[in-house]
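Asks: Provided herewith is a single structure, encoded as structure tokens, for subsequent inquiry.
The values are calculated or read from the model by the stated rules, or taken from the named source; none is laboratory data. For clarity, every value in this text was computed on a predicted model and none was experimentally measured. Glycine gets a Cβ as well: all are built from the backbone with ideal geometry, and neighbour counts include every protein chain shown. The protein model used for the area step is the full one, side chains on, heavy atoms only, and it has no ligands, DNA or RNA in it. Shrake-Rupley method; radii C 1.70, N 1.55, O 1.52, S 1.80 Å.
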Amino acid sequence: MKKPVFTGVCTALVTPFLGNTVNYPMLEQLLRRQIGCGVKAVVLSGTTGESPTLSDDEKLELFRRGKRFVGEECTIIAGTGSNCTAHAVELSRRAQMAGADALLVVSPYYNKATPAGLIAHYTAIAQAVDIPVILYNVPSRTGVDIPVSVYEVLSRIPNIAGVKEASPDITKITKIIAACGPEFSVWSGNDDQIVPVISLGGQGVISVLSNVCPEETVIMAGAALDGDFDTASDLQCRMQPLVEALFSEVNPIPVKAALKLIGLDCGGCRLPLTEISRENLARLEKLFE
């Protein structure tokens, strides 16, 4: 029987920079804060971690240092997706060797893939490693919405653990669970759907919000998992203005600005991402008052 890679909250962590290099002391500070607030897993080098502008060497060093720092206190999930299957396979192998506990693999972007191509892509990656693989469906970025029929096939592969589902279609959650069964975990990829996804059988969230508000996000997800939907729904509603502000521009532009506002300066984003606009910075400032 497949055991969930995590339940509750996994933070898609920003990559802190100092100039043009990774700021490892700040990385440790961020990880310490996440663990202290009850977060059990983090994604390094995901979308929020600016994976497109990190070199493979930088990614692998993030995985090594991150795992060395957290030890057994936190699950390190390595973002190893690529639109080149051979590259994703090689990076996934090296991430496992670097100490990653699991992988988060986005579907191929730009060149896209047919359902048969998606199955072949993910099968090749899963067969190349011994650690769990989490699929990542984010059609707003990749241009492809992974069909439920593909999940149904991939769910039979022993180390494909589940999916981070970041499509806007909440009804798709029920279809995935019905097709794949309870051993195939579903995690929300949208912070405005944490409670709805858990209420439908999801295991939690891979979150941007928890970079800024880890404690509140942990309480929200935990309450929903415990069936306390009064508490969970109240927090979901109260967090909504901040969630909307954190996605007022391309992620992670606003979340890095928000972290700086609360005293965690993680540097700017690498080009082609730029600084947050004055208007949206003011919006964040007002929320944090």
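Asks: When you scan the stretch 208-289 for helices (runs of 4 or more DSSP H) that lie fully inside it, which ones turn up with 2 or more residues that are in contact with a strand residue (DSSP E or B) (Cβ under 7 Å, 6 or more places away or on another chain)?
Replies: Fully inside the stretch 208-289 and qualifying: 209-212, 214-225.
Asks: Please tell me if Ala282 is surrounded by 19 or more Cβ atoms within 10 Å (Cβ to Cβ), free of Cβ contacts under 8 Å to residues at least 60 places away in the same chain and more than 18 Å from Leu27 (Cβ to Cβ).
Replies: Answer is no for this residue.
Asks: Among the residues of the stretch 12-47, how many are farther than 18 Å from Ala95 by Cα and in contact with a strand residue (DSSP E or B) (Cβ under 8 Å, 6 or more places away or on another chain)?
Replies: Total satisfying the criteria: 8.
Asks: Out of the stretch 159-196, which residues are among the polar types (S, T, N, Q), under 18 Å from the mean Cα position of the chain (by Cα) and under 11 Å from Val148 (Cβ atoms)?
Replies: The one that is among the polar types (S, T, N, Q), under 18 Å from the mean Cα position of the chain (by Cα) and under 11 Å from Val148 (Cβ atoms): Ser167.
Asks: OK, next. Restricting to helices (runs of 4 or more DSSP H) lying wholly in the stretch 20-122: which have 2 or more residues that are among the small types (Gly, Ala, Ser) and surrounded by 20 or more Cβ atoms within 10 Å (Cβ to Cβ)?
Replies: It comes to 85-97.
Asks: Assuming Val144 fulfils every condition listed in (1) under 26 Å from Phe247 (Cβ atoms); (2) in contact with a Leu (Cβ under 7 Å, 6 or more places away or on another chain) apart from one, which condition is it?
Replies: Only one criterion in (1) under 26 Å from Phe247 (Cβ atoms); (2) in contact with a Leu (Cβ under 7 Å, 6 or more places away or on another chain) is unmet by Val144, namely (2).
Asks: Could you say whether any residue in the stretch 126-138 is assigned to a helix (DSSP H, G or I) and either small (Gly, Ala, Ser) or surrounded by 16 or more Cβ atoms within 10 Å (Cβ to Cβ) (or both)?
Replies: yes
Asks: Something else now. How many residues does the stretch 155-183 hold that are more than 24 Å from Ile194 (Cβ to Cβ) and touching a residue at least 12 places away in the same chain (Cβ under 8 Å)?
Replies: 3
Asks: Continuing with this model, one more query. Where residues in the stretch 139-156 are in a loop (DSSP other than H, G, I, E, B) and not acidic (Asp, Glu), which of them is surrounded by the most Cβ atoms within 10 Å (Cβ to Cβ)?
Replies: Once the filter is applied, the top-ranked residue is Ile146.
Asks: Restricting attention to the stretch 157-168, does a residue exist that is of a type in the set (A, V, I, L, M) and part of a helix (DSSP H, G or I)?
Replies: No: zero hits.
Asks: Going by what's in this entry, would Ala41 be described as among the hydrophobic types (A, V, I, L, M, F, W, C) and either touching a His at 6+ places or on another chain (Cβ under 8 Å) or closer than 30 Å to Asn111 by Cα (or both)?
Replies: No.
Asks: Moving to a separate point now. Read through the list (1) in contact with an Asp or Glu (Cβ under 9 Å, 6 or more places away or on another chain); (2) of a type in the set (Ser, Thr, Tyr); (3) open to solvent by 30 Å² or more (accessible area, probe 1.4 Å), then give the number of the only condition that Ser207 fails.
Replies: Answer for Ser207: the failing condition is (3).
Asks: Inspect the stretch 222-232 for any residue being surrounded by 15 or more Cβ atoms within 10 Å (Cβ to Cβ), in contact with a helix residue (DSSP H, G or I) (Cβ under 6 Å, 6 or more places away or on another chain) and either at pLDDT below 95 or farther than 23 Å from Val42 by Cβ (or both) and give the result as yes or no.
Replies: Looking through the stretch 222-232, at least one residue is surrounded by 15 or more Cβ atoms within 10 Å (Cβ to Cβ), in contact with a helix residue (DSSP H, G or I) (Cβ under 6 Å, 6 or more places away or on another chain) and either at pLDDT below 95 or farther than 23 Å from Val42 by Cβ (or both).
Asks: Another one. If a residue must be assigned to a helix (DSSP H, G or I) and either touching a Gly at 6+ places or on another chain (Cβ under 9 Å) or within 18 Å of Leu104 (Cα to Cα) (or both), how many such residues does the stretch 177-192 contain?
Replies: 3
Asks: I need a count of the residues in the stretch 199-212 that are free of Cβ contacts under 8 Å to residues at least 60 places away in the same chain and under 14 Å from Val42 (Cα atoms).
Replies: 2
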